Structures are given as structure tokens and as C-alpha cells.
Amino acid sequence: MSKKLVYRFALVCLLGLLSSGCAIPGLKEANQRLKEQNDRLVSENNRLEQELASSRGGGGAAAAVANTPARKEAASDLLIPADSGIDANVQIERTAEGIKLTIPQQVFFAPGKTELTSTGKGVLQNIGRLLNNNDYSDNTVRVEGHTDDQPVEKVRDRYPSNWELSTARACTVVRYLVGSAGVAKSRIYPAGFADTRPLATGKSIDSRQKNRRVEITILNQGA
């Protein structure tokens, strides 16, 4: 090999080394930026996974937050479509069994009565549409009647105790949802609990009013 060829070969190698040396600092900076971006993405992904796990749990801390007064409205929006038409007096919450709708007795029934009010029929039409919504059309539905601790004397001949009255009211709601709101009778059933499951304790007018109610629970599938 001539001296000229050796010189050229050495020059090419030198230029290659020089160019590599110039590129290394830029490469290191790029790698560092990519690493920082990756760390941020991993951190964000972990945060989102934790939020998703909490929301899927349906209970615990997430449910506790959702059930605070400040979050009631937001929780209802998540559980029930905003355009469902569900009455503002209907309390909506997620329980271990499913989604529970609590309706004060006066929305559906006059004192001591088992005939639905016109307002109650309108509320049940909207609830029926909800129950037939694609999200819930396969879920079993339980309708519960609840009373306060005072028997209604004027209907004692027809309803000897609040067991009969609460069950009759639950049956009235079920019949309307099946007969007038299109809910399949194979997926809904009534239950009466009289005064055995009070929401409020005490003998005050307010406590007794809270205990007189109908609860409609969209049960979790498989429950």
C-alpha cells in the first residue's frame, strides 16, 4: 500500500471519529429527553390505572366520596344518563347490590293508599325507560316498600299491619312498570319490609317521613 493510500485511509478514519465524537453529546441529550418523557408517561399511566381500579370497585373510598352531599349530583350523573328524566326527588346511589333509586312515599302514594298518584305514574314512566335502557335491560330489578312505625288505623281492615301495606305498594309499582312501562315481568319482583329497615331513627315527623319510601334496585348481573 502506498503512503498516499495510507494517508487517505487514516484521514477517513479520523474524520469518522471526529464526526462520531460531535454526534455523541447530541445523542445523549436526546436520550435523556426521551427517558424523562417515558418516566412522565409511566407515572401518568400508573395514576390512571389507580383511578380506574377505584371506579370499578364501586365501594370503599370512591363510593364514600360519591355519597357525600357535595358529590351526590355528580354521582347521579355518572350512574344515570342525564337525559333519563328521573325526578329530582329520586335519590340515586350505588350499593354493593347494584344501583338503588329511593323515592319518597308521597311521590307515589297518598297516606294509607296503594293507588299511584299521577305524579308517581310519570316518575315510573321515566324509571321504566331507564330499566329498559341497553345498559340495564338484562338486570333483575327489586322493588321494595317501606313504611314508618305507625300503622294506618283507617285501613286496618284491609291492611292489618304495615307488612301488608308495604308489600301492596311494592306490588302496585311492579304492576305499573310491567303493564304500563314495558318492563319484562320475568326480571322484576316486589318485597315489603314494613318498618324493619328505617333510614332514620326516632319518632319525629321528619324521621318518619324519611322512612316512608319505595326503593327500586337495579341488581348487579349475577346477583
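Readers should treat all values here as calculations from the given coordinates under stated rules, not as data from a laboratory. Keep in mind the model is a prediction, meaning the values are calculated, not measured. Here the Cβ positions follow ideal geometry from the backbone for every residue, glycine too, while neighbour counts run over all protein chains shown.
Among the candidates L131, L124, L116, which residue alone is over 20 Å from G192 (Cα atoms) and surrounded by 15 or more Cβ atoms within 10 Å (Cβ to Cβ)?
On the way: L124 fails: over 20 Å from G192 (Cα atoms); L116 fails: over 20 Å from G192 (Cα atoms).
After ruling out the rest, the residue left standing is L131.
Could you tell me which of the residues P160, P104 is in contact (Cβ under 8 Å) with a residue 40 or more places away in the chain and more than 16 Å from the chain's Cα centre (by Cα)? Outline the logic, then answer.
Values: P160 fails: in contact (Cβ under 8 Å) with a residue 40 or more places away in the chain.
Result of the check over P160, P104: P104.
Do we find a residue being farther than 27 Å from Q221 by Cα and either surrounded by fewer than 16 Cβ atoms within 10 Å (Cβ to Cβ) or hydrophobic (A, V, I, L, M, F, W, C) (or both) anywhere in the stretch 163-183?
Filtering the stretch 163-183 for residues farther than 27 Å from Q221 by Cα gives 163-165.
Narrowing further to those that are either surrounded by fewer than 16 Cβ atoms within 10 Å (Cβ to Cβ) or hydrophobic (A, V, I, L, M, F, W, C) (or both): 163, 165.
Checked the stretch 163-183: at least one residue is farther than 27 Å from Q221 by Cα and either surrounded by fewer than 16 Cβ atoms within 10 Å (Cβ to Cβ) or hydrophobic (A, V, I, L, M, F, W, C) (or both).
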How many residues are part of a loop (DSSP other than H, G, I, E, B) and either buried (at least 16 other Cβ atoms within 10 Å of the Cβ) or in contact with a strand residue (DSSP E or B) (Cβ under 6 Å, 6 or more places away or on another chain) (or both) when one looks only at the stretch 90-111?
3
